[in-house]
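Participant: Before I ask anything, here is the structure I am working with.
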Amino acid sequence: MEKNIQLIDETELKVGLVGNPDSPTIMLPGAKKSVYGQEADNLRLWGVDPELGKHFIEGLVDKFQVLYFDYEGHRLQHPSPENLTPENLVKDLLTIADEMNVKMFSYFGYSWLALVGLQLAIRTARLESLIMGGFPPLDGPYKEMMVVTNKTYEQALYNQNSSVIKDDAHINPEKVDWENIEVQIDTNQTKQFVTMYKNLMEFDDRDIQPKLVIPRLAFAGEKDTIVYGENFGSVTVDIIGVLQKNKQELEHLGWDIDILKGNDMDHTKAMQPITVLPLIKQWLMKNLNIPY
């Protein structure tokens, strides 16, 4: 079943629900639409599965009911520059669940959609489990990402009238020369993430840990560190370093932690279905008591 759902800003997002209604539901907000031809070939060069969403859905639907949509893609097409706050993000997700008649569900988000999952977990009792990939649930890089998104927005403003147009949408961040790249994207696209991180500056992910009583998993690739050049504030977003440093403390708090091994296991590689599906499926089945 697919349905167009009106979000709180009155834009419409296509949402799908497949699988056995008697099975536990998993929400996949990062289920990107499949692309083909030259665009697919370009994605493969960067190690990105051009049918990422489809492969996640197919890999989970035999054991779960899958609630899927591409929230990131929607926000790039329909930016919310002033209103992409944690509260509004959570309202959108709960609106989607309501409209699809899903009461309880698990959530899997990667990168910024992982931090959205953490915000969801502390604002609703409807989550059965939480999986955060590519963003640490303790000592998250909120301040570093505030710097990066601010700098990105400033460059987008500066370069918006440039005659040279670059399509940087599918660039692998680990392979980018962060010293020299020029940002030439819609200013509203990047401003919405400035708004999001600005509203997280007072958020303390240590304070909220006692509120988290559901099963939860955090994972990252062992090479998930991005060093940004001067143009982006000269900051390092060390996802794996923070996760490894806090691994013992997180496990004591009740988190399951997984480090995806491999010399190429960077932020992009560690989100691909071929890598992630075996991990999250086994973990979900174990924690939701689903027979193999």
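Participant: Among (1) among the charged types (D, E, K, R); (2) farther than 21 Å from Gln189 by Cβ; (3) not in a loop (DSSP other than H, G, I, E, B), which single condition is Glu72 missing?
Facilitator: It is condition (2) that Glu72 fails.
Participant: Report yes if some residue within region 136-148 is more than 29 Å from Asn246 (Cβ to Cβ), of a type in the set (D, E, K, R) and touching a residue at least 40 places away in the same chain (Cβ under 8 Å); otherwise report no.
Facilitator: Keep residues of region 136-148 that are more than 29 Å from Asn246 (Cβ to Cβ), which gives none.
Among the residues of region 136-148, not one is more than 29 Å from Asn246 (Cβ to Cβ), of a type in the set (D, E, K, R) and touching a residue at least 40 places away in the same chain (Cβ under 8 Å), which makes the answer no.
Participant: Among the residues of region 22-79, write down those that are among the acidic types (Asp, Glu), within 17 Å of the chain's Cα centre (by Cα) and farther than 20 Å from Glu2 by Cβ. Outline the logic, then answer.
Facilitator: Taking region 22-79 and keeping what is among the acidic types (Asp, Glu), we get 22, 39, 41, 49, 51, 58, 62, 70, 72.
Still in the list and also within 17 Å of the chain's Cα centre (by Cα): 49, 51, 70, 72.
Scanning region 22-79 gives a single hit, Asp49.
Participant: What is the one condition in (1) under 30 Å from Glu58 (Cα atoms); (2) in contact with a Ser or Thr (Cβ under 6 Å, 6 or more places away or on another chain) that Asp238 does not satisfy?
Facilitator: Here Asp238 clears every test but (1).
Participant: Only one of these conditions is not met by Gly233: (1) touching a residue at least 60 places away in the same chain (Cβ under 8 Å); (2) at negative phi. Which number is it?
Facilitator: If we test Gly233 against (1) touching a residue at least 60 places away in the same chain (Cβ under 8 Å); (2) at negative phi, just (2) comes out false.
Participant: Let me ask something else. Looking only at residues in region 107-126 that are over 25 Å from Glu12 (Cβ atoms) and either over 13 Å from the mean Cα position of the chain (by Cα) or among the β-branched types (Val, Ile, Thr) (or both), which one is surrounded by the most Cβ atoms within 10 Å (Cβ to Cβ)?
Facilitator: Looking at the filtered set, the residue picked out is Ala121.
Participant: Any chance region 1-14 includes a residue that's in contact with an Asp or Glu (Cβ under 7 Å, 6 or more places away or on another chain), modelled with pLDDT of 95 or more and surrounded by 19 or more Cβ atoms within 10 Å (Cβ to Cβ)?
Facilitator: Yes, there is a match, as at least one residue in region 1-14 is in contact with an Asp or Glu (Cβ under 7 Å, 6 or more places away or on another chain), modelled with pLDDT of 95 or more and surrounded by 19 or more Cβ atoms within 10 Å (Cβ to Cβ).
Participant: I've got another one for you. Give me the helices (runs of 4 or more DSSP H) completely within region 196-290, filtered to those with at least 2 residues that are closer than 21 Å to Glu128 by Cα and either at pLDDT 95 or above or over 19 Å from the mean Cα position of the chain (by Cα) (or both), ordered by residue number.
Facilitator: In region 196-290, the matching helices (runs of 4 or more DSSP H) lie at 247-253, 273-287.
Participant: Please go through (1) at positive phi; (2) touching a helix residue (DSSP H, G or I) at 6+ places or on another chain (Cβ under 8 Å); (3) of a type outside the set (Ser, Thr, Tyr); (4) surrounded by fewer than 17 Cβ atoms within 10 Å (Cβ to Cβ) for Asn101 and return the number of the only condition it doesn't satisfy.
Facilitator: (2)
Participant: Among (1) at pLDDT 50 or above; (2) part of a helix (DSSP H, G or I), which single condition is Val183 missing?
Facilitator: Of (1) at pLDDT 50 or above; (2) part of a helix (DSSP H, G or I), only one is false for Val183: (2).
The values are calculated or read from the model by the stated rules, or taken from the named source; none is laboratory data. No experiment lies behind these values; they were computed from the predicted model shown. Heads up, the Cβs are rebuilt from the backbone with ideal geometry, glycines too, and the neighbour counts pull from every protein chain shown.
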